[in-house]
Each structure stands twice: as structure tokens, then as C-alpha cells.
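Derivation of every value follows stated rules applied to the coordinates shown; laboratory data play no part. What you are looking at is a predicted structure, and each value in this text was computed from that prediction instead of being measured. In this analysis, Cβ positions are derived from the backbone assuming ideal geometry, glycine residues included, and neighbour counts consider all displayed protein chains.
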């Protein structure tokens with residue numbers, strides 16, 4: 001059960017255990033003998049901080065026509081040399097996490113591709129914020145909050161636990177549940193997002209997502225995905241889903257196919273346990289599961305630009321048996337209000353951010 005889950009997440013930096021021999025993929029226009037060459041990045045773990053340099057060596061004994069070097073899909077240079085060392089600045093790279101350095105070697109009309117990989121870390125430390133409470137609202141202590149959205153003066157909430165998972169409409173001022181729908185008792189409800197006239201809800205380990213009519217809560221669709229489902233939001237173009245790792249998945253809201261994946265990093269490495277999500281002023285806000293911290297993530301690069309220290313938000317007097325972790329972020333665009341709560345918390349808070357001293 002996710003309330004007591006402890007994940008042993010493998011870092012993408014498992015690169016350290018990867019063999020350094022370059023891999024080959026032959027893509028000739030006709031059958032031809034693959035070109036023999038060695039192409040490797042220097043550095044034991046292939047980790048570089050943005051602004052640093054990457055060095056790679058290329059060597060072959062064959063008389064090649066040319067070799068092209070790429071970072072991911074961007075061409076760096078074309079050469080005819082058999083043995084060379086290339087140096088690449090990462091100053092203009094903005095894809096944090098796993099990147100690929102590639103060599104495409106041509107000989108007599110045949111192409112052989114080589115690749116090695118590196119991990120790019122941000123070079124900026126995240127800013128830190130704390131909070132100021134603007135107002136406190138009641139919250140249903142029976143709600144194991146997994147997703148939270150504010151729209152048209154109503155809170156839409158997704159709750160978890162098998163047999164207790166639901167979607168709800170809740171009055172902000174009173175905490176009253178004015179409409180609810182209990183989902184399949186065999187699944188564990190997770191994040192929620194509103195897309196047009198629909199509510200989209202994901203589930204934890206069953207790989208199932210549901211689509212409901214926003215007004216009636218009638219289920220009007222279902223979809224599947226290959227990962228776990230944790231948090232859900234959208235940027236106005238794509239749905240954005242977390243799965244408990246440091247990956248965020250951008251989904252086509254029409255067919256729920258993965259459009260692209262974003263790796264989340266700060267200057268110390270991958271940031272995992274990304275849980276409930278909210279899109280706020282062009283940034284992705286993410287609860288860090290089991291921690292009183294919210295990450296503010298750049299949706300293009302994946303860099304954590306800031307953290308919000310939420311320690312002490314729920315007073316000790318309210319931390320009674322059954323009260324669980326911080327989880328639940330909602331944003332009121334019209335009045336620029338940020339709401340947060342937690343699983344089985346008796347209160348929901350309107351907060352404003354304050355730079356941490």
C-alpha cells in the first residue's frame with residue numbers, strides 16, 4: 001500500500017555500471033559489412049554539470065568517407081579523420097538527465113552508428129521558499145487526498161485506498177462534499193486533472209485511467225499506461241503524469257499516448273518520489289512523497305528551480321492517528337491563490353510563498 005511504500009529507485013546514474021564499449025547499429029541502404037570503430041566518452045560515470053565540457057574519442061583503422069557527430073539529434077560537426085578527440089561544451093544544453101553523443105560513420109554508401117551517453121546536471125542551486133498562511137479551511141479527514149484541482153469555486157478531489165477511492169466535488173469554504181463517485185474497489189485512486197468538460201483520473205498500480213463527465217461524474221472513457229500512476233495535471237496542451245520516479249510523462253489528452261518524457265533534476269541529481277502535481281504560472285509544482293517539500297519544476301528542462309519548505313504547516317494538535325503526509329496542491333488562477341492539504345488532514349490551507357532566509 002502506498003501509504004507505507006518505500007521505493008528502491010535506481011538512479012539513471014547507473015551509467016556507472018555500463019560497459020564503456022560503444023554500441024553499434026548498422027543502417028545501410030543495402031547489406032554491407034559494418035564499420036569497426038571505437039567511440040567513447042571520457043569520464044568514469046559520464047556525469048557533467050551544465051557549463052562543463054565533454055570529451056569523447058573516436059578511432060577507426062578503416063578508410064572512411066566521413067563521420068558526423070551529434071548531441072542527441074543536433075549535428076555538431078562533420079569530419080574525415082580516422083582518429084580524433086572532440087570536446088563539447090554543455091553551456092547550451094538544456095535537457096537534464098540522460099543525453100546521447102552519437103557518431104554516424106559513412107563508408108562506400110554504408111552507415112554505421114555509434115553512441116555513448118552522459119548525464120547532465122543543472123549548475124544552479126534551487127531557490128528555497130517557505131510559506132505564510134492566508135486562510136484555513138476545513139477538510140474531510142476521511143479523504144486520503146491524491147489529486148486536487150480548483151475550478152469555478154469548487155474543489156475537485158481524488159482520493160485513494162482500495163475500496164475507498166473516489167472523485168469528489170467539495171465546497172472550499174465549508175469542506176462539504178457536494179458530489180462524489182466511488183470508483184472500482186479493485187483499484188487505488190491517484191491523481192486527477194480537469195480537461196475541458198471531463199475529469200481525468202489515474203490509478204496507482206493497475207495501469208488504468210478513467211475519464212468522467214465533469215458535471216454528472218458518469219464514466220465516459222478508460223485508458224491504460226505502462227507505468228504506475230501517481231500525480232496528474234496539465235499545461236493546457238498535454239496532460240502531465242508522475243509515476244513516483246524522477247520522470248514526468250506528457251500525454252496526449254485525446255488518446256493518452258506519451259508525447260515525451262521529462263527527467264527531473266536538481267544540482268545534486270535526480271529528484272524522485274514526485275507525487276501530486278499542479279501547473280502554476282508556467283511551472284510544475286510537485287509534492288515530494290513522504291516529505292514536507294514541494295518542488296517547482298521547469299517544464300521544458302526538468303530542472304528544479306525552487307523548493308517550498310512546508311514543515312510545520314499542520315499543527316501537532318491536528319496530527320492524530322490516521323493523519324498522513326502532505327499531498328494535494330490546487331491553484332486558483334483568477335485570484336492567484338495556492339491551496340495545499342494532505343492525506344486525511346482536517347484542514348486545507350491557502351498559502352503564499354515567502355523567500356526562505
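Tabulated data for the structure shown
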{"read-out": "Single residue of segment 144-201 satisfying the filter (farther than 20 Å from residue 329 by Cβ and not in a loop (DSSP other than H, G, I, E, B)) that is nearest to the chain's Cα centre (by Cα)", "value": "198"}
{"read-out": "Members of segment 141-176 that are surrounded by fewer than 20 Cβ atoms within 10 Å (Cβ to Cβ) and farther than 19 Å from residue 214 by Cβ", "value": "141, 142, 161, 162, 163, 164, 173, 174, 175"}
{"read-out": "Pairs, first free of Cβ contacts under 8 Å to residues at least 24 places away in the same chain in segment 344-357, second crowded, with 21+ Cβ neighbours inside 10 Å, C-beta under 7 Å, six or more apart", "value": "none"}
{"read-out": "Meets criteria (out of contact with any helix residue (DSSP H, G or I) (no Cβ under 7 Å at 6 or more places or on another chain), surrounded by 22 or more Cβ atoms within 10 Å (Cβ to Cβ) and assigned to a strand (DSSP E or B)) for residue 296", "value": "no"}
{"read-out": "Whichever residue in segment 124-138 is exposed (fewer than 15 other Cβ atoms within 10 Å of the Cβ) and within 21 Å of the chain's Cα centre (by Cα) and, among such residues, is nearest to residue 345 (Cα to Cα)", "value": "128"}
{"read-out": "Residue check, residue 45 surrounded by fewer than 16 Cβ atoms within 10 Å (Cβ to Cβ), part of a loop (DSSP other than H, G, I, E, B) and touching a helix residue (DSSP H, G or I) at 6+ places or on another chain (Cβ under 7 Å)", "value": "yes"}
{"read-out": "Positions within segment 257-270 being within 25 Å of residue 354 (Cβ to Cβ) and surrounded by 21 or more Cβ atoms within 10 Å (Cβ to Cβ), in sequence order", "value": "264, 266"}
{"read-out": "Positions within segment 271-284 being surrounded by fewer than 23 Cβ atoms within 10 Å (Cβ to Cβ) and part of a strand (DSSP E or B), in sequence order", "value": "279, 280, 283"}
